[in-house]
There are 4 protein chains.
Amino acid sequence: MQHARESFGRQKAMAFIGASLTALEPGKADVSLPYRPELTQQKGYVHGGIIGMIADTACGYAAYSLMPATASLVTVEYKINILAPARSSLVARGEVVKAGRTLTVTRAEVYAADGTHVATMQQTLMMLANTPDTPE
Amino acid sequence: MQHARESFGRQKAMAFIGASLTALEPGKADVSLPYRPELTQQKGYVHGGIIGMIADTACGYAAYSLMPATASLVTVEYKINILAPARSSLVARGEVVKAGRTLTVTRAEVYAADGTHVATMQQTLMMLANTPDTPE
Amino acid sequence: MQHARESFGRQKAMAFIGASLTALEPGKADVSLPYRPELTQQKGYVHGGIIGMIADTACGYAAYSLMPATASLVTVEYKINILAPARSSLVARGEVVKAGRTLTVTRAEVYAADGTHVATMQQTLMMLANTPDTPE
Amino acid sequence: MQHARESFGRQKAMAFIGASLTALEPGKADVSLPYRPELTQQKGYVHGGIIGMIADTACGYAAYSLMPATASLVTVEYKINILAPARSSLVARGEVVKAGRTLTVTRAEVYAADGTHVATMQQTLMMLANTPDTPE
């Protein structure tokens, strides 16, 4: 699991928005994001793209937690439904639906601080065996 | 179209990541994003969530350009395929596929500075008639 | 719930492929499909479009079970991941993730007779109030 | 291209619903479907799952047209927006967005006989090199 924590630590985009990896176990990962006005859209709610960003990342590390440290992974695609607007801290809970040899399918649920179900994501990732997970 | 420009101007999240609305015509919108290290994932490429963020926004303003200034719109869902990694400036070109009375379906293509096709998105939005597009 | 059963009974496409509504409770619906060679693709597995068809329908009736009999509903969009090939009977289990005033978000899991997880779907539906759910 | 035509010919599900491969060129494929009452849902429109089925297949053969005859391909996932109800013959026009070494991303547009834009799909496929495209 250490490789997943280290990989998350290299994600400058997560530090930039203020997100952190708050839980990690085999096949599951939580990414938490405190509310900040900089993350909002035109009506003052957290931007749907930001919600997608933490859900995508939670899914990715749920998958990466099951892979060898010598592998790297890339997001193939994701689909997210925004269920409710949010103006609070968020947590994205990612989990693996099916871990395949090449492709892994994951899902994430995003919740607001008051428990509101904010979004749901379905995602596909591809494992690249024997590929460094660091900048070239 | 002025209402769409003003709405984009209220998106603190776009200013935060450094994105701007670089083209707008009825049913089409471009969102451009200069490269910045803060926007990258663990391997130094622009984060897939950031790519989703500008594509989601380009789709949204393509749709909003066709709506009355008295309406507001919300993202129902989006699905994005990441086609190639990117380590450069990006532009997301959104366009309306079908503008309905309640729902609008849009699409965006994201390109890197060298023309590489980086991502493709399909999105659904819902128009809220007679609803302010500003913070409550 | 009777309105949902009657609506399913009007789906000629379900009868055509041999599918039936095998469970229905508020917010949940199962659609079962016996294996038939006519439903297969080039390699002899059940066609991915057929899998999508029963998952789409299971999601739809999970949603419709919560709506008044005077309403009709339409599929806005769905996204399905095929997780494993199947050469057996299938069951699609749909459930409501979020029932909104206009839009409902659902999910379905499709399983083979031996328990294999064959597919997972995320779907969006729109309720049309006071609209007949019958042919015009 | 002959391998793609032969593969389509092995799809019993296409014959079952009455669909045929009406155009095929490198990276593009059309699947046409005459209207039949057996393909309809509760309101008499062509079932959304049937629309997904021909779009999925058009995308698949658009992709397969670019692959060697020694390869096989599987649908990883697809996402479809239903844009308008249809009570007529349909044609699904699939095309390749990005052909990768392992994964190919495609898109399809579905049109009714009167030109109405009925649906739009975005799909991901995986190529299996040196794998027979026939039943085991």
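The values are calculated or read from the model by the stated rules, or taken from the named source; none is laboratory data. Owing to the predicted nature of the structure, the values given are computational and were not obtained by experimental measurement. Counting neighbours? That spans all protein chains shown, and the Cβs are built from the backbone with ideal geometry, glycine included. Just the protein is used for accessible areas: all its heavy atoms, side chains included, with ligands, DNA and RNA removed. Shrake-Rupley method; radii C 1.70, N 1.55, O 1.52, S 1.80 Å.
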Given (1) closer than 30 Å to A:Met127 by Cβ; (2) open to solvent by 30 Å² or more (accessible area, probe 1.4 Å), number of the condition D:Leu125 does not satisfy: (2)
Single residue of region C:40-67 satisfying the filter (more than 17 Å from D:Gly49 (Cβ to Cβ) and more than 9 Å from every other protein chain (Cβ to nearest Cβ)) that is surrounded by the fewest Cβ atoms within 10 Å (Cβ to Cβ): C:Leu66
Flag for C:Ile17 being more than 7 Å from chain D (Cβ to nearest Cβ) and either surrounded by 24 or more Cβ atoms within 10 Å (Cβ to Cβ) or closer than 26 Å to C:Asp114 by Cα (or both): yes
Flag for D:Gly9 being under 26 Å from B:Leu103 (Cα atoms) and surrounded by fewer than 21 Cβ atoms within 10 Å (Cβ to Cβ): no
Those residues of region B:71-92 which are out of contact with any Leu (no Cβ under 7 Å at 6 or more places or on another chain) and either modelled with pLDDT under 95 or within 18 Å of B:Gly18 (Cβ to Cβ) (or both), in sequence order: B:Ala86, B:Arg87, B:Ser88, B:Val91, B:Ala92
Residues within region A:95-105 that are in contact with a Gly (Cβ under 8 Å, 6 or more places away or on another chain) and either within 9 Å of chain C (Cβ to nearest Cβ) or of a type outside the set (Asp, Glu) (or both), tallied: 2
Condition met for C:Gly27 (in contact (Cβ under 8 Å) with a residue 12 or more places away in the chain, at positive phi, more than 8 Å from chain D (Cβ to nearest Cβ) and surrounded by fewer than 20 Cβ atoms within 10 Å (Cβ to Cβ)): yes
Odd one out for A:His117, checked against (1) open to solvent by 50 Å² or more (accessible area, probe 1.4 Å); (2) touching a Lys or Arg at 6+ places or on another chain (Cβ under 8 Å): (1)
Conditions (1) touching a Ser or Thr at 6+ places or on another chain (Cβ under 9 Å); (2) within 29 Å of D:Glu136 (Cα to Cα); (3) open to solvent by 30 Å² or more (accessible area, probe 1.4 Å); number of the one not met by C:Glu109: (3)
Check on D:Pro34, closer than 17 Å to C:Val74 by Cβ and open to solvent by 40 Å² or more (accessible area, probe 1.4 Å): no
Conditions (1) surrounded by 15 or more Cβ atoms within 10 Å (Cβ to Cβ); (2) more than 10 Å from every other protein chain (Cβ to nearest Cβ); (3) not aromatic (Phe, Trp, Tyr): number failed by B:Met1: (1)
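Please go through region C:30-39 and pick out each residue that is touching a residue at least 24 places away in the same chain (Cβ under 8 Å) and either at the interface with chain D (Cβ under 7 Å from one of its Cβ atoms) or touching a Ser or Thr at 6+ places or on another chain (Cβ under 6 Å) (or both).
C:Asp30, C:Val31, C:Ser32, C:Pro34, C:Tyr35
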Residue within region D:106-114 that is in contact with a Leu (Cβ under 8 Å, 6 or more places away or on another chain), within 19 Å of C:Thr75 (Cβ to Cβ), of a type in the set (Val, Ile, Thr) and more than 10 Å from every other protein chain (Cβ to nearest Cβ) present: yes
Within region B:104-124, tally of residues that are more than 20 Å from D:Ala108 (Cα to Cα) and in contact with a strand residue (DSSP E or B) (Cβ under 7 Å, 6 or more places away or on another chain): 2
Residues satisfying the stated conditions in region D:75-106, i.e. open to solvent by less than 50 Å² (accessible area, probe 1.4 Å), under 26 Å from A:Leu128 (Cα atoms) and touching a residue at least 40 places away in the same chain (Cβ under 8 Å): D:Thr75, D:Val76, D:Glu77, D:Tyr78, D:Lys79, D:Val96, D:Thr104, D:Thr106
